[in-house]
Amino acid sequence: MVARKSTRNVSANPAAALPAPGAAFTIVGIGASAGGLEALELFFRHVPAASGMAFVVVQHLDPTHKGVMAELLQRATPMPVEQIRDRMKVEPDHVYLIPPNRDLSILHGVLHLLEPAAPRGLRLPIDYFFRSLAADQQEHSVGVILSGMGSDGTLGLRAIKEMAGAVFVQTPATAKFDGMPRSAKDAGLADVVAPAEELAGRIASYLQHVPLLVARPANELDDKNQSGLEKVVLILRAQTGHDFSLYKKSTIYRRIERRMGLHQLPRIADYVRYLRENPQEAGLLFKELLIGVTRFFRDPPLWAQVGGEVVPALLAAHPDGGMLRAWVPACSTGEEAYSLAIVFREALERLKPAALYSLQIFATDLDQDAIENARTAAYPANIAADVTDERLRRFFVQEERGYKLNKEIREMVIFAQQNLVMDPPFTKLDLLSCRNLLIYLDADLQKKLLPLFHYSLNPGGTLLLGGSETIGAATDLFAALPGKNRIYRRRDDSPRMTPVEFPIGHARGRADVAVSLPALTPPPASPAASLQAEIEALLLRCYAPAAVLTTDKGDLVYISGRTGKYLEPAIGKANLNLFAMAREGLAGPINGAFAKAVREKTAVTMKDLVLDNNGDSQHVSVTIHALAEPAVLRGMVLVVFIDVGAAPAVKAPGKAVRASAEQSCLAELAQQVQQASEELQTTREEMQTSQEELKSANEELQSTNEELQSTNEELTTSKEEMQSMNEELQTVNHELTAKVDELSQSSDDMKNLLNSTDI
């Protein structure tokens with residue numbers, strides 16, 4: 001982290017990097033707990049006396065013990081080591097230690113001591129300081145995690161990463177207690193993982209190659225940097241299939257500078273070469289650009305307004321109940337989507353009968369790994385800093401390594417990978433929460449997304465934006481709700497007639513489509529060619545048969561033409577599956593033919609299937625084709641529906657024969673109906689019996705679960721208190737052991753001195 005407003009000249013020798021008076025300097029936050037004394041000594045023995053950095057050490061300390069940590073660390077470094085006093089200004093080449101029983105924050109380079117939120121139990125002083133450090137120093141923040149139990153520091157490191165700061169973590173195998181380092185490493189937050197004695201040198205090398213400058217607007221990049229930036233974007237698009245050309249250039253450049261610093265590359269041209277020669281770096285830079293940082297109930301005043309005003313208004317607009325729909329793009333690891341589900345559930349229980357309403361939340365993100373983590377709904381124990389005890393008790397289940405959302409909340413959210421810029425949006429939404437994404441996109445893309453959001457929302461729908469985001473000039477599309485929070489209502493009286501620009505670009509996973517398919521935007525053609533293209537497009541739109549593209553499990557991937565005659569959404573939870581959506585008369589035949597087509601890798605055609613279309617019999621032919629080429633569609637299945645028309649009336653040779661045939665047919669049909677009715681009744685009775693048995697068993701299990709949960713909560717509270725005390729005792733024990741060793745050494749020296757003087 002850096003005190004701003006000046007730049008820093010970095011020499012090749014870290015020891016010569018002493019800043020001039022008034023120059024910027026880096027503030028390094030260090031988190032350590034049990035076993036931290038040994039790691040801190042190893043770290044500081046390798047920090048030069050004139051490194052130009054300041055170090056703030058945060059530990060878990062016994063509030064009743066007067067520590068000797070400053071004395072012990074002073075032996076490992078020539079820099080002054082001080083215990084922090086309130087409102088102490090940070091100076092370079094100093095080490096600052098948090099005092100016992102205090103939380104610590106920093107503002108404009110000044111340290112502030114605070115009373116801890118809780119005297120015992122799960123205290124998170126490292127998270128608290130790292131978050132404060134990230135807010136104060138932003139992209140110049142540096143966080144270090146050393147030995148310790150638990151997961152304190154992980155959420156704070158997320159805040160540092162969000163601000164484009166750097167994270168250094170001790171190798172878990174070298175830590176005396178690997179809980180904290182492993183938590184940070186497993187969360188994917190570490191830029192560098194190394195033994196404690198190597199971290200100081202890695203930090204110095206990183207700072208030599210990262211200029212301590214404030215963010216530069218894209219138009220201030222020189223030609224070489226601008227050209228290098230464009231090359232990086234092209235390489236990313238070629239290797240990942242994702243286009244970052246519409247993201248803010250200054251944001252992308254800052255992230256590239258971080259990667260250059262970590263690889264010690266002085267020029268962006270060197271990084272372009274490195275990116276081409278090391279394909280794995282494209283994946284790491286891609287992750288860097290995604291900025292996957294979030295937390296539960298971020299901006300509490302906004303969530304209070306959502307629960308107190310927004311959700312009640314949505315319920316009032318649907319007095320008869322039903323399913324409401326919400327979309328959370330750029331959901332990262334799911335905290336915001338689950339926060340919305342919890343707030344909705346709380347408001348529903350407070351205002352309306354819960355059985356009448358449900359909420360379906362679609363949560364999407366570009367990062368497939370983040371989506372997979374979100375689906376697990378498992379989070380570290382330190383989310384207790386953001387989630388109240390009551391919510392933890394009601395909506396979470398305590399596990400060994402943290403908390404997991406209960407089944408009711410998990411089932412409200414559907415996660416999917418999606419590129420907001422390239423993929424089609426969700427529609428018919430009652431609420432859309434796109435918070436802290438627009439600030440990373442350039443103005444042109446923002447102007448395209450806001451009309452798209454307007455189109456996606458139902459009349460009167462609600463849009464949530466981040467605290468630093470606004471709708472800009474789109475006041476004809478959205479109206480701001482009263483208050484400071486960025487909450488907007490969709491305007492239905494908008495005079496704007498500008499057509500919505502739907503995303504049509506490089507969809508994820510389709511980087512090779514361009515090789516096998518014609519270009520979507522061909523070069524300018526002659527008038528005759530343009531006329532031909534228009535006619536072909538019209539024919540495809542109006543006369544091509546309806547069709548769907550599915551996976552080998554029947555899940556819909558793409559829909560072409562009007563398929564409503566053949567497919568309809570099933571009642572209940574949304575299920576975009578061919579077998580669930582097939583209308584009566586098609587479901588059975590399609591099921592068997594689909595399995596045959598997939599099994600034999602061939603096309604199967606069913607002719608003259610009878611479909612009931614509003615009381616009229618409609619004959620339909622269905623062709624199911626398991627695709628083997630092109631390569632990008634291999635494994636997919638194409639299902640094509642073709643109307644044959646109403647069945648022609650067949651003339652009977654005579655009245656008697658016709659009457660006899662009709663009588664026989666009616667008798668056969670009546671018998672089939674009777675048999676089917678009896679089977680259906682038997683099935684219903686069996687299902688009802690099974691349902692009653694399951695309900696009884698469920699009630700017993702629920703009662704047992706509540707008892708176990710109550711016992712578990714008591715044990716968890718005791719465990720947290722014991723863990724906190726244990727960490728404090730470990731720290732005290734290490735300090736006392738070191739002091740005893742020092743006194744023993746002094747005693748031996750004194751004894752040797754007395755023996756040598758023959759006194």
Test: residue in region 146-166 that is touching a residue at least 24 places away in the same chain (Cβ under 8 Å), touching a Pro at 6+ places or on another chain (Cβ under 6 Å) and under 21 Å from Phe44 (Cβ atoms)
no
Those residues of region 166-202 which are of a type in the set (Val, Ile, Thr) and in contact with a Phe, Trp or Tyr (Cβ under 6 Å, 6 or more places away or on another chain), in sequence order:
Val192
Looking only at region 11-28, decide whether some residue is modelled with pLDDT of 90 or more and not aromatic (Phe, Trp, Tyr).
yes
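With Pro172, Pro181, Pro195 as the choices, which residue is surrounded by fewer than 18 Cβ atoms within 10 Å (Cβ to Cβ) and assigned by TED's automatic domain parsing to the domain that holds Phe130? Spell out the reasoning first.
Details: Pro172 fails: surrounded by fewer than 18 Cβ atoms within 10 Å (Cβ to Cβ); Pro181 fails: surrounded by fewer than 18 Cβ atoms within 10 Å (Cβ to Cβ).
Answer to the check: Pro195.
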Considering region 126-172 alone, what residues qualify as being in a strand (DSSP E or B) and closer than 14 Å to Val58 by Cβ?
Val142, Gly143, Val144, Ile145
Filtering region 97-116 down to residues that are among the hydrophobic types (A, V, I, L, M, F, W, C), over 30 Å from the mean Cα position of the chain (by Cα) and surrounded by fewer than 20 Cβ atoms within 10 Å (Cβ to Cβ) yields Val110, Leu113, Leu114
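Find the strands (runs of 3 or more DSSP E) located wholly in region 330-411 whose residues include 2 or more that are closer than 27 Å to Ile126 by Cβ and touching a residue at least 24 places away in the same chain (Cβ under 8 Å), and list them. Before you say what the answer is, go through the steps one by one.
Working: elements: 357-365, 378-380, 396-399, 402-405.
By residue number, 378-380, 396-399, 402-405.
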Only one residue in Ala378, Ala363, Ala384, Ala316 is closer than 25 Å to Met163 by Cα and surrounded by fewer than 18 Cβ atoms within 10 Å (Cβ to Cβ). Which one?
Ala378
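When you go through Arg325, Arg295 one by one, which is the residue that is closer than 30 Å to Leu359 by Cα, under 26 Å from the mean Cα position of the chain (by Cα) and in a loop (DSSP other than H, G, I, E, B)?
Arg295
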Can you find even one residue in region 387-397 that is modelled with pLDDT under 90 and surrounded by 16 or more Cβ atoms within 10 Å (Cβ to Cβ)?
no
As an exercise: evaluate Pro425 against (1) part of a loop (DSSP other than H, G, I, E, B); (2) surrounded by fewer than 20 Cβ atoms within 10 Å (Cβ to Cβ); (3) not β-branched (Val, Ile, Thr) and give the number of the one condition it does not meet.
(2)
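The values are calculated or read from the model by the stated rules, or taken from the named source; none is laboratory data. Keep in mind it's a predicted model, so treat the numbers as computed, not measured. Ideal geometry is used to build each Cβ from the backbone, glycine not excepted, and the neighbour counts take in all protein chains shown.
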